[in-house]
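Taking it in order: structure first as structure tokens, then the write-up.
The values are calculated or read from the model by the stated rules, or taken from the named source; none is laboratory data. These numbers come from a predicted model, not from an experiment. All Cβ positions, glycine included, derive from the backbone under ideal geometry; neighbour counts span all protein chains shown.
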Amino acid sequence: MCTQIYSEVISVTKECKKGDWVEIHYIVLEARERTGDIPEDTQKVPLECWIKGWAVEEGSLGEKITIETPAHRHVEGTLTRINPEYTHTFGPYARELSTIGEELRKALKEGN
Amino acid sequence: MARDTSYDAVMERRAEIMSKALGLDYDEFVISDIAFDYEGMMERAGYSLEEVRKIQAEAGVGNTPLLELRNITDLVRQTSKKGYGARILVKDEAANPSGSFKDRRASVSIYHAKKLGYPGVLAATSGNYVAAVASQAARKNLGVLTLQEVFDSRHVGQPEIIEKSRKCEAYGAEVVQLTVGPELFYVSLILLEETGYFNASLYSPFGISGVETLGYELIEQVRSKYGKDPAYVVVTHAGGGNVTGTARGVLKAGAKATKIIGASVDLSGLHMASDNDFNKKSFTTGHTGFGVPFATWPDRTDVPKNAARPLRYLDRYVTVTQGEVFYVTEALAQVEGLERGPAGNTSLAAAIALARELPEDEIVVVQETEYTGAGKHPWAQLDFAKQNGIIVKRGDPKENVPGKNIVIPEDFSQISITEMDLNRMRRSYIRNAVERNKVEIVTEKDIQFLAEDTKTVAEFVISILRDLGVNL
């Protein structure tokens with residue numbers, strides 16, 4: 001599945017230790033703080049942010065925690081994932097593309 | 001005392017932050033509100049072709065192979081009138097360290113940042129450029145912070161962009177993932193101020209001079225193998241840097257008759273800053289949603305004067321559909337043995353239609369490929385489209401409606417281009433230059449600049465200015 005709501009990916013562990021690789025979330029701008037120069041649908045929702053880094057303290061999912069990012073910044077946010085993994089894939093078989101190769105090889109053969 | 005990071009306060013400081021983060025004073029190139037010394041900026045602020053070649057050789061960038069697509073050329077000739085169907089060559093830019101031509105752009109920016117003593121670099125984009133910056137920064141032991149627009153408000157992200165986040169992390173970068181919105185720029189200003197990093201902007205003279213080698217190399221390669229210049233160089237067009245850098249390189253190689261043709265995926269009707277539309281497109285770059293606004297108003301970016309100015313160089317600008325690009329991506333893998341793209345194959349789709357216009361002895365160069373990976377793959381992208389309510393089917397690409405369907409051609413002969421009206425875009429640019437700079441009277445110097453910036457002549461600019469009711 002490519003359409004993945006990342007916040008719904010269940011972490012196996014609910015608590016992180018200092019030094020664990022984790023993801024945090026925070027709101028950058030609430031909907032009312034957004035610039036006027038954007039489409040209406042975007043105006044209605046907050047600008048959100050997710051960052052990964054190493055936990056500098058213990059924490060539980062849903063709690064505030066500070067991380068140190070790979071660029072050595074200390075950032076505070078809500079702990080959303082512990083040991084976050086990438087789940088994007090090459091995708092399932094695409095029927096709409098599957099015969100193109102054969103069609104073109106046939107055309108090349110007939111053309112010669 | 002902590003700095004005020006409210007939106008208004010940060011935007012108020014934008015000029016100061018940007019100037020510090022680029023180490024470049026644009027004021028010395030300013031001639032008037034409209035005109036500036038573009039060539040002077042490229043010469044004095046950027047790097048010469050020779051310098052760039054040296055920087056890139058050390059960075060492991062460039063000198064990519066130029067491959068002849070024999071089977072695709074055969075298929076073009078089968079679907080052209082007799083004696084027509086130019087030879088199609090492709091510059092295999094996926095052979096660069098991070099898998100795209102963007103390494104050329106990043107290598108020069110990172111070299112410059114290191115030379116000026118910045119502790120790290122920041123890149124704000126969801127395209128291949130972030131991966132290129134992360135890769136090049138890793139080679140130079142510089143810190144790297146990347147900023148990407150990844151998710152809609154449901155927290156659903158394009159597989160192609162998720163892959164770009166992964167790649168950046170693989171190179172040791174910090175990845176800041178945001179939901180949709182132009183305020184990404186505001187966040188980038190906060191981060192530049194906080195870290196003191198170099199702004200590895202896509203639009204600085206350093207980045208653009210890095211792409212010149214691509215145009216220069218391909219002309220050298222075509223000449224040495226085929227003893228002539230290509231009739232067309234087809235360039236996937238988004239923000240304008242690919243077109244600008246490549247065209248400058250082609251010109252520096254002296255290929256004056258070679259036409260520069262920009263190609264974008266048609267995403268007309270989809271708003272790039274819309275939360276709803278964000279995941280209704282399968283292409284996150286190389287599309288008209290960037291191609292048109294960046295050509296008609298280049299100075300909308302994160303630098304005071306954009307070094308990427310596509311209308312200065314474009315001879316033609318054409319569009320293709322998402323379905324056609326997926327089709328040629330499959331064709332490239334199946335009959336040429338090159339699994340690349342998909343987004344980078346936009347120019348290949350256009351080149352197939354363009355090659356049919358030319359006699360068999362002419363040459364058309366597709367100037368880039370890009371890496372393929374999980375998420376950045378036709379199956380992943382078509383699956384994502386279907387899950388976001390897009391109809392995917394084989395059929396006539398003319399039925400294409402961006403955001404509603406993806407029509408994969410039923411036959412190779414159906415691949416075609418739609419010509420964009422460049423004069424209309426030039427007019428739109430000239431209007432923007434006057435209105436956005438709040439200019440009351442346009443001088444002779446402005447007219448000369450606008451003519452150069454639109455690849456036209458003074459008479460053309462004057463007629464449009466008169467039409468717009470501007471005082472001359």
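Residues in region A:78-112 that are more than 9 Å from chain B (Cβ to nearest Cβ) and among the aliphatic types (A, V, I, L, M) were compared, and the one that is nearest to B:A333 (Cα to Cα) is A:I82.
Quick check on region B:230-250. Is at least one of its residues surrounded by fewer than 24 Cβ atoms within 10 Å (Cβ to Cβ), assigned to a loop (DSSP other than H, G, I, E, B) and at positive phi?
No, region B:230-250 has no match at all.
When you look at B:A333, is it assigned to a helix (DSSP H, G or I), in the same structural domain as B:E68 (by TED's automatic domain parsing) and free of Cβ contacts under 8 Å to residues at least 24 places away in the same chain, yes or no? Judged against the criteria, B:A333 is a match.
Checking each residue of region A:56-75 against the condition of being modelled with pLDDT of 95 or more, closer than 27 Å to B:D383 by Cα and either in a strand (DSSP E or B) or more than 8 Å from every other protein chain (Cβ to nearest Cβ) (or both) gives no match. All of (1) on the phi > 0 side of the Ramachandran plot; (2) more than 13 Å from chain A (Cβ to nearest Cβ) hold for B:G337 with one exception: (2). Do we have any residue at all in region B:329-351 that's out of contact with any helix residue (DSSP H, G or I) (no Cβ under 7 Å at 6 or more places or on another chain) and of a type in the set (S, T, Y)? The answer is yes; a qualifying residue exists.
Looking across B:Q136, B:Q56, B:Q78, one residue alone is closer than 17 Å to B:E174 by Cα and touching a helix residue (DSSP H, G or I) at 6+ places or on another chain (Cβ under 9 Å). It is B:Q136.
Screening B:Y327, B:Y317 for residues that are part of a strand (DSSP E or B) and among the hydroxyl-bearing types (S, T, Y) leaves exactly one candidate, B:Y317. Which residue out of B:K252, B:K281 is in contact with a Leu (Cβ under 8 Å, 6 or more places away or on another chain), of a type in the set (K, R) and within 17 Å of B:Q367 (Cα to Cα)? Selected residue: B:K252, the only one of B:K252, B:K281 that is in contact with a Leu (Cβ under 8 Å, 6 or more places away or on another chain), of a type in the set (K, R) and within 17 Å of B:Q367 (Cα to Cα).
For the residues B:G181, B:G172, the requirement of being touching a Ser or Thr at 6+ places or on another chain (Cβ under 6 Å), at the interface with chain A (Cβ under 7 Å from one of its Cβ atoms) and either within 24 Å of A:V22 (Cβ to Cβ) or not β-branched (V, I, T) (or both) singles out B:G181. Scanning region B:441-472 for residues that are part of a loop (DSSP other than H, G, I, E, B) and farther than 14 Å from B:A35 by Cα yields B:K455, B:T456, B:V457, B:L468, B:G469, B:V470, B:L472. Across region B:22-49, the qualifying residues are those that are surrounded by fewer than 20 Cβ atoms within 10 Å (Cβ to Cβ) and small (G, A, S), and the one among them that is farthest from B:G241 (Cα to Cα) is B:S32.
Could you check region B:175-205 and list, in sequence order, the residues that are in a helix (DSSP H, G or I) and in contact with a Phe, Trp or Tyr (Cβ under 7 Å, 6 or more places away or on another chain)?
B:Y186
Could you look through region A:32-55, keep only residues that are acidic (D, E) and not in a helix (DSSP H, G or I), and pick out the one that is farthest from the other protein chains (Cβ to nearest Cβ)?
Step one: list which residues in region A:32-55 are acidic (D, E), which gives A:33, A:37, A:40-41, A:48.
Subset that is not in a helix (DSSP H, G or I): A:37, A:48.
Numbers: A:D37: 7, A:E48: 5 Å.
Only one residue fits best here, namely A:D37.
Of all residues in region B:289-328, exactly one satisfies the criterion of being out of contact with any helix residue (DSSP H, G or I) (no Cβ under 9 Å at 6 or more places or on another chain) and either surrounded by fewer than 24 Cβ atoms within 10 Å (Cβ to Cβ) or among the aliphatic types (A, V, I, L, M) (or both), namely B:F290. Count of region B:83-99 residues, restricted to those that are assigned to a helix (DSSP H, G or I) and under 17 Å from the mean Cα position of the chain (by Cα), is 2. Would you confirm whether any residue within region A:87-101 is crowded, with 20+ Cβ neighbours inside 10 Å, of a type in the set (F, W, Y) and at pLDDT 95 or above? No, there is no match, as no residue in region A:87-101 is crowded, with 20+ Cβ neighbours inside 10 Å, of a type in the set (F, W, Y) and at pLDDT 95 or above.
Residue by residue, here is whether (1) within 25 Å of B:Y313 (Cβ to Cβ); (2) within 23 Å of the chain's Cα centre (by Cα); (3) of a type outside the set (S, T, N, Q) holds:
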| position | (1), (2), (3) |
| --- | --- |
| B:N405 | no, no, no |
| B:I408 | no, no, yes |
| B:V439 | yes, no, yes |
| B:E452 | yes, yes, yes |
